[in-house]
1. Let me spell it out: the conditions are (1) modelled with pLDDT of 95 or more; (2) within 25 Å of SER263 (Cα to Cα); (3) touching a helix residue (DSSP H, G or I) at 6+ places or on another chain (Cβ under 7 Å); (4) not polar (S, T, N, Q), and ALA171 meets all of them except one. Which number is the exception?
2. Consider region 79-101. How many of its residues are touching a residue at least 24 places away in the same chain (Cβ under 8 Å) and either closer than 15 Å to THR59 by Cα or hydroxyl-bearing (Ser, Thr, Tyr) (or both)?
3. Among the residues of region 150-179, write down those that are in contact with a Ser or Thr (Cβ under 8 Å, 6 or more places away or on another chain), crowded, with 19+ Cβ neighbours inside 10 Å and farther than 30 Å from PHE100 by Cα.
4. Which residue pairs have Cβ atoms closer than 6 Å, lie 6 or more positions apart in sequence or on different chains, and pair a first residue in region 210-222 that is under 21 Å from LEU101 (Cβ atoms) with a second residue that is assigned to a helix (DSSP H, G or I)?
5. Tell me which residues, restricted to region 149-198, are more than 14 Å from ILE240 (Cα to Cα), not in a helix (DSSP H, G or I) and not hydrophobic (A, V, I, L, M, F, W, C).
6. Please verify whether ILE187 is over 19 Å from LYS279 (Cβ atoms) and surrounded by 21 or more Cβ atoms within 10 Å (Cβ to Cβ), treating the condition exactly as stated.
7. Go through region 123-148 residue by residue and tally those that are within 30 Å of THR44 (Cα to Cα) and in a loop (DSSP other than H, G, I, E, B).
Amino acid sequence: MNHTSFWRLSALLAVCLLFLTSCGKQDGADQLQPSLFPYEPGQTHVLVPDAPGTDTTRTAPLTLDFSHSDQGYFMGKLDKGGAKINIQLTGPDGIIYKYFLNDEEVWTSFPFTAGNGAYVLVAFEEISDGQYASLLSYSLSVELENEFLPFIYPNQFVDFEPDDSAIQLAAELSTGAATDLDALSAIYEYVTTHVSYDDEKAATVEAGYLPNIEDTLQTGKGICFDYASLTAAMLRSLGIPTRLDIGYSGEIRHAWVDVYIESMGWVERAVEFNGEEWKLIDPTIAATNDNSEAISNYVGDGSNYTLQYVR
């Protein structure tokens, strides 16, 4: 997808459904909960998950570490020679979040994206090609130190480290961005003009694919998941809470990014992929949004969106 095609398609799809909401029902910006890190141009805040071993459960070959559940994540690791593991996490939202783990002796972070409440984790071990047997079941209650933490920390799907070139680029791009909304626009513009859609990869990608933001940045190619992961990682590194959502718009496979803007709260579908292109919400509409009925009618009510997973 080249730059010319992108903007031509954007004009044709100007009525693409977008829905703005704040976090809960609020009457004004002064009632919004402040984000974890107040936005500062050019400044990154990369939190690094770890597994100190103070709260663990284990059934060979899988070890799980819940020591930092209050930070919005848990860690998983396989023994050397461990098999492929399917982790299914059900939280208070009732959604079953499915993850796969097959990297030997590497700690991997998984988010508690449903927020505070009771979770049930069930793990299955692959015993033959595509056949799984129950391995362990674990229940816990999560009380987050801050509700934004699951959307600031890296995880298996939005994976980044402080020294990544993508994170350094995010700092550079935000240097001239006075607000978090400006930073969103700058990062969106860069990603969509420097990364081309990889049709060949889209046609051959296998189930369980995980984005690699450094590969996406270096090759300048990617599929929708790569675009979303790179964008989310860069925004999170700036302290801007970001949710990577996967689901459907009608019957079309869809991905979108929700962003927490300090002046208005959560902006749903701030960036979305409609199956052909990425689209950024009009910053003018966002900047003047008062959650009025007129604004909601203009951007759509979002009723045809079906959310499957938050990453």
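1. (3)
2. So the answer is 11.
3. Once the filter is applied, which keeps residues that are in contact with a Ser or Thr (Cβ under 8 Å, 6 or more places away or on another chain), crowded, with 19+ Cβ neighbours inside 10 Å and farther than 30 Å from PHE100 by Cα, region 150-179 yields nothing.
4. PRO211/PHE225; PRO211/ASP226; PRO211/SER229; ILE213/ALA166; ILE213/SER229; ILE213/LEU230; ILE213/ALA233
5. ASN155, GLN156, ASP159, GLU161, PRO162, ASP163, ASP164, THR175, GLY176, SER196, TYR197, ASP198
6. no
7. 6
The rows are residues; the columns are (1) assigned to a loop (DSSP other than H, G, I, E, B); (2) on the phi > 0 side of the Ramachandran plot.
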site: MET75; (1), (2): no, no
site: GLY81; (1), (2): yes, yes
site: ASN86; (1), (2): no, no
site: LEU89; (1), (2): no, no
site: GLY94; (1), (2): yes, yes
site: TYR99; (1), (2): no, no
site: VAL106; (1), (2): yes, no
site: ALA114; (1), (2): yes, no
site: LEU121; (1), (2): no, no
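The values are calculated or read from the model by the stated rules, or taken from the named source; none is laboratory data. Predicted, not measured: the structure shown is a model, and the values here were computed from it. Glycine also receives a Cβ, built like all others from the backbone with ideal geometry; neighbour counts cover every protein chain displayed.
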